[in-house]
Amino acid sequence: MEVAIDHVHLLLNLRADQKLSVVMHDLKGASARAIFGRYPDLKFDMQSNSFWQRRYGSRRLHESELETVRRYIKTQSDRPLRHD
């Protein structure tokens, strides 16, 4: 995982019985509760009860791609921010 100012990159390995939508729902819910618990005024500043956007991007990786993606995520902070 690597956190940027406006997004998060995650590399997840799901079990065969797990659905990505459920895992993302749980991750977003737990992290939003933790953040709002630590910074309760954030809800008022954001004027919203939602911390995360509804959507997310994903793609399945072949085993041969894993190390490249791991390296990309780990070096995310080395690249300049792009706000196109």
For the chain, which trypsin sites (Lys or Arg not before Pro) are in a loop by DSSP, counting at most 13 other Cβ atoms within 10 Å?
Arg15, Lys19, Arg54, Arg55, Arg59, Arg60, Arg82
Positive end of the charge dipole of the chain (Lys, Arg +1 and Asp, Glu -1 on Cβ, about the Cα centre): tell me which of Tyr39, Met24, Val69 has its Cα farthest that way.
Met24
Can you tell me the orientation of helix 20-38 relative to the chain, as the angle in degrees between its alpha-carbon axis and the longest Cα principal axis, to the nearest 10?
40 degrees
Answer label, with P(r) over Cα pairs in 10 Å bins from 0, in percent calculated from the coordinates and candidates (i) 15, 23, 13, 15, 15, 12, 6, 1; (ii) 13, 40, 35, 11, 1; (iii) 13, 25, 19, 15, 18, 10, 0:
(ii)
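A short reminder: the numbers here are calculations on the coordinates, not readings from a lab. Given the structure is predicted, the values throughout are model-derived calculations rather than measurements. Neighbour counts run over all protein chains shown; Cβ positions are idealised from the backbone, glycine included.
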